[in-house]
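Just below is one structure, and these are the notes that go with it.
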Amino acid sequence: MKTDLSKTYKEYYTAKTTPTLLSFPAAQYISLEGKGDPNGPQFAANIAAMYSTAYTVKFSCKALGNDFTVPKLECQWWYDEKLYPNLTITDAPVNIPRSDWDYRLLLRLPDFATQAMVTDAATTVLNKKDIKEAQQITYYQLPAIQTVQILHIGPFATEHNSLIILNNFMQQNNLLKDGLHHEIYLSDFRKTAPEKLKTILREPAKQG
């Protein structure tokens, strides 16, 4: 049996083009934190390290009889709120240089994968494949969250339009930001035309 996380957690990997308020249970991930322009070479190198580690974990699980499909890439984004105070989710993307954004790349793991597997896989990728970015890879647990989400179709440069819709929904429903901006890349942005990209945009939220 091979676990397909996109089917096991179908609601997690699905969104509408209109805002929706949802709750998700805690989940575990392979993670790598970085800072800087997502169009830069370091971001691409970090993604490569993530996938190399994920497939190493996958093969370890498969050897134990629990195979899984490596899922869609995810990323949390944040910035220094002391340096850039009082910005909304719609202001931040257009007012903060890409070089000043921090991020956490994520690849979700099935329940049968373990923290030890991630640690061992990252060490293997570093030593056998000489991918130095693997040194920054860690096991990460995202707690249960309530979040507002929307499906954005089109290039990343136009995400601002979807975030305006998301922000208006939050204001109309008296919801306040309660965590880091979160994106799930349903399309492979290395191979997909910008106008066809599909990205789930999430803002963790709580009642005001």
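The values are calculated or read from the model by the stated rules, or taken from the named source; none is laboratory data. Source: prediction; values computed, not measured. All Cβ positions, even for glycine, are placed from backbone atoms using ideal geometry, and neighbour counts span all protein chains on display.
Under the condition of being assigned to a helix (DSSP H, G or I) and surrounded by fewer than 14 Cβ atoms within 10 Å (Cβ to Cβ), the residues counted in the stretch 60-88 number 2. Considering only residues that are in contact (Cβ under 8 Å) with a residue 60 or more places away in the chain and among the polar types (S, T, N, Q), look in the stretch 118-152 and name the one that is nearest to residue 166 (Cα to Cα). Within the stretch 118-152, the match that is nearest to residue 166 (Cα to Cα) is 149.
The condition of being β-branched (Val, Ile, Thr) and closer than 27 Å to residue 131 by Cβ holds for only one of 53, 18, that being 53.
Per-residue answers, yes or no, for (1) of a type in the set (Phe, Trp, Tyr); (2) crowded, with 16+ Cβ neighbours inside 10 Å; (3) at pLDDT 95 or above; (4) farther than 19 Å from residue 16 by Cβ:
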position	(1), (2), (3), (4)
127	no, no, yes, yes
152	no, yes, yes, no
162	no, yes, yes, no
169	yes, yes, yes, no
178	no, no, yes, yes
188	no, no, no, yes
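Just checking, does the stretch 25-44 include any residue being over 19 Å from residue 180 (Cβ atoms) and of a type in the set (A, V, I, L, M, F, W, C)? The answer is yes; a qualifying residue exists.
Among the candidates 116, 205, the residue that is closer than 17 Å to residue 28 by Cα and either assigned to a loop (DSSP other than H, G, I, E, B) or modelled with pLDDT of 95 or more (or both) is uniquely 116. If you go through the stretch 54-87 and keep only what is more than 20 Å from the chain's Cα centre (by Cα) and of a type outside the set (D, E, K, R), you end up with 59, 60, 61, 63, 64, 65, 66, 83, 84, 85, 86, 87.
Taken as a whole, the stretch 40-53 holds at least one residue that is within 14 Å of the chain's Cα centre (by Cα), over 14 Å from residue 108 (Cα atoms) and either buried (at least 17 other Cβ atoms within 10 Å of the Cβ) or aromatic (Phe, Trp, Tyr) (or both). Checking each residue in the stretch 100-113 for being outside any helix (DSSP H, G or I) and either without any contact (Cβ under 8 Å) to a residue 24 or more places away in the chain or among the charged types (D, E, K, R) (or both) picks out 102, 104, 108, 111.
Of the residues 16, 7, which is free of Cβ contacts under 8 Å to residues at least 40 places away in the same chain and either at negative phi or part of a loop (DSSP other than H, G, I, E, B) (or both)?
When all the criteria are applied, what remains is 7.
Among the residues of the stretch 170-207, those that are under 19 Å from residue 155 (Cβ atoms), of a type in the set (A, V, I, L, M) and under 13 Å from the mean Cα position of the chain (by Cα) comprise 184, 186, 200, 201. Within the stretch 37-56, residues that are in a helix (DSSP H, G or I) and at pLDDT 95 or above sit with their Cβ atoms under 9 Å from residues that are surrounded by 18 or more Cβ atoms within 10 Å (Cβ to Cβ) and among the aromatic types (Phe, Trp, Tyr), at 6+ positions apart or across chains, in these pairs: 43/103; 46/103.
Only one of these is of a type outside the set (S, T, N, Q) and either in contact with a Leu (Cβ under 7 Å, 6 or more places away or on another chain) or touching a residue at least 24 places away in the same chain (Cβ under 8 Å) (or both): 84, 185. Name it.
Residue meeting the stated conditions: 185.
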